[in-house]
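Undergrad: If you scroll down you'll find the structure; I have some questions about it.
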Amino acid sequence: MAITAAMVKELRERTGSGMMECKKALKEVGGDMELAVEHLRKTGLAKADKKASNVAAEGLIGYAASADGKTAALVEVNCQTDFVSGGEEFGGLTKKVTDAVLANRPASVEELLAIEVDGESLETTRRALIAKIGENMNVRRFEILESNDRIAHYAHGKRISVLVAVEGGDDEVARDVAMHIAASRPQFISADDVPAEVLNKEREILIEQAKGEGKPENIVEKMVEGRVRKFLAEITLDGQAFVKDPDTTVGKLLSQNSAKVTGFVRYEVGEGIEKKEENFADEVMAQVRAS
């Protein structure tokens, strides 16, 4: 059976595969359109499996919020290059995944990827896009935050996104706190939230440092307590100097506005992922070779 340009065009539109791949698939199945679609799906999934070991440290942070502004979600979806992260198709995948998190509240990434959107699971959609674009892509993590009052969102470019749940105050205060979290990376809301093991470990380190300075025992104790207070101020939101006014702390800012933070989430694309350093030319060449 002769393979026409119209047949190739139809198969491309249905599968998103390249022209040559579509033509080859049609030839292999004797021009049967449905068998060609099935063939491309199978080979596409095989390609996706091969890409799974590639480091994906670029990507996007998806954000979605409920109509009343009291529930919101952040999702990190990763790819291999910044070039792909800026593309419409990767952005579309990120939006689908983020909307699914907010609507379905899955308990895990595995449960999230099993959700069906537009007639197929998000896992199938993910793997099909990997096969089409030629880069590994992962849904790394997600979190849903709720508040009895309001949730503020702040995004710094494409790489950092923050949610903060605030009771009291107003929208401006809530957004200022979200912006502060983006810039200052607090680990906990207040000193009361710092786990005992974290505090004890830091105290042990500070004691050894102080002893190494040759100070008397009574001086060591005072030095350590002072340094512990400084440590807590550095890692807690309430204790940090407010980025827009370093003369006050975030805790004081909240108190002055009768506000309280009940939770926050800060995501940064690729944080904690060891990435192989490549320049832009290398990224382009890698994509060309992959295609």
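The values are calculated or read from the model by the stated rules, or taken from the named source; none is laboratory data. Bear in mind the structure is a predicted one, so any value in this text is a computation, not a measurement. Heads up, the Cβs are rebuilt from the backbone with ideal geometry, glycines too, and the neighbour counts pull from every protein chain shown. These area figures cover heavy atoms from the full protein model, side chains too; ligands, DNA and RNA do not enter into them. Shrake-Rupley method; radii C 1.70, N 1.55, O 1.52, S 1.80 Å.
Undergrad: Can we say ASP82 is of a type outside the set (Ser, Thr, Tyr), open to solvent by 50 Å² or more (accessible area, probe 1.4 Å) and within 24 Å of ILE151 (Cα to Cα)?
TA: no
Undergrad: Is it the case that some residue within the range 191-213 is modelled with pLDDT under 85 and under 26 Å from VAL139 (Cα atoms)?
TA: Checking the range 191-213: not a single residue is modelled with pLDDT under 85 and under 26 Å from VAL139 (Cα atoms).
Undergrad: Still on this model: Would you check which residues across the range 85-109 are open to solvent by 60 Å² or more (accessible area, probe 1.4 Å), more than 18 Å from LEU129 (Cα to Cα) and touching a helix residue (DSSP H, G or I) at 6+ places or on another chain (Cβ under 9 Å) and list them?
TA: ASN104
Undergrad: Any chance the range 79-98 includes a residue that's in contact with a strand residue (DSSP E or B) (Cβ under 6 Å, 6 or more places away or on another chain), acidic (Asp, Glu) and part of a strand (DSSP E or B)?
TA: Within the range 79-98, not a single residue is in contact with a strand residue (DSSP E or B) (Cβ under 6 Å, 6 or more places away or on another chain), acidic (Asp, Glu) and part of a strand (DSSP E or B).
Undergrad: Restrict the check to the range 246-264 and report whether at least one residue is among the hydrophobic types (A, V, I, L, M, F, W, C) and more than 17 Å from ALA178 (Cβ to Cβ).
TA: no
Undergrad: Here's another thing I want to ask about it. Checking the condition in a loop (DSSP other than H, G, I, E, B) and closer than 18 Å to GLU271 by Cβ, which residue from PRO106, PRO186 passes? First the steps, then the outcome.
TA: Numbers: PRO106 fails: closer than 18 Å to GLU271 by Cβ.
Only one candidate passes the filter, namely PRO186.
Undergrad: Now a separate question. Taking the criterion of being of a type in the set (Gly, Ala, Ser), in a loop (DSSP other than H, G, I, E, B), touching a residue at least 24 places away in the same chain (Cβ under 8 Å) and closer than 21 Å to LEU199 by Cβ, would at least one residue in the range 229-240 satisfy it?
TA: Yes, the conditions are met somewhere in the range 229-240.
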